[in-house]
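Peer 1: Structure below; questions to follow.
The values are calculated or read from the model by the stated rules, or taken from the named source; none is laboratory data. Model, not experiment: these values are computed from the prediction. Please note: Cβ atoms are built from the backbone with ideal geometry, for glycine as well, and neighbour counts cover all protein chains shown. When the accessible area is computed, the model is the full protein with side chains, heavy atoms only, and any ligands, DNA or RNA have been set aside. Shrake-Rupley method; radii C 1.70, N 1.55, O 1.52, S 1.80 Å.
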Amino acid sequence: MRHLAVAMRGLVIATALAALAAPAVLAGGWATFVPDAASLEGFEPGVPHDVTLTLLQHGKTPLDSGSVTLAFAAPGQPTVDATARSLGGGRWVASVTLPAAGAWALTARHSDLTIDDASIYDVTVSAGSATTAGPGLGVAPIAALVTVLLLAVLLGALGITRLARSPSGTTA
């Protein structure tokens, strides 16, 4: 019974450490981008289209520095990149020509910061117009959280293994 109590205490401590570490994992140099909904409408295949967006460092502070590239990806199509230019106040614009109708995922890259993968926007391009599905589900914050939780489980498992190997079931 004592072995279980010690193992549980180790698991609780590891989980607490993981919870404390999660914000630090996510607090690095990152940004989000929010395209203007209206600029995601009206795409036609083969026709240049301007996409405007707001870039926010840490999801709050408008960002004008660095370089921004928008990337449009669709199944069976090559990724289409468009370089954005700053308009000031965290606002950016890029002109892009999508070659085919279909569902496209819009993401962004920044020269100095990681763009939060939760910032994925779906655009459906039809022969006459586009509709947007809004923000997609990104994986970077989820992956970071899963990594931290797996670390907590592994630390707990190490504690249990250490207890199981000790001759008297106590730690030295």
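Peer 1: Hey, among Gly90, Gly102, which residue is surrounded by 13 or more Cβ atoms within 10 Å (Cβ to Cβ), out of contact with any Gly (no Cβ under 9 Å at 6 or more places or on another chain), at pLDDT 60 or above and at positive phi?
Peer 2: Step by step, each of Gly90, Gly102 is checked, and only Gly90 is surrounded by 13 or more Cβ atoms within 10 Å (Cβ to Cβ), out of contact with any Gly (no Cβ under 9 Å at 6 or more places or on another chain), at pLDDT 60 or above and at positive phi.
Peer 1: Is there a residue being at pLDDT below 90, of a type in the set (A, V, I, L, M) and within 15 Å of the chain's Cα centre (by Cα) anywhere in the range 56-78?
Peer 2: no
Peer 1: Do you know which of the residues in the range 70-87 that are open to solvent by 30 Å² or more (accessible area, probe 1.4 Å) and in a strand (DSSP E or B) is nearest to Ala103 (Cα to Cα)?
Peer 2: Selected residue: Ala73.
Peer 1: Within the range 105-141, which residues are in contact with a helix residue (DSSP H, G or I) (Cβ under 9 Å, 6 or more places away or on another chain), more than 21 Å from Val47 (Cβ to Cβ), modelled with pLDDT under 75 and of a type outside the set (A, V, I, L, M, F, W, C)?
Peer 2: Asp117, Gly134, Pro141
Peer 1: Looking at the range 105-126 only, could you name the residues that are assigned to a loop (DSSP other than H, G, I, E, B) and surrounded by 15 or more Cβ atoms within 10 Å (Cβ to Cβ)?
Peer 2: Listed by number, the residues that qualify are Leu113, Asp116, Asp117, Ala118, Ser119, Ile120.
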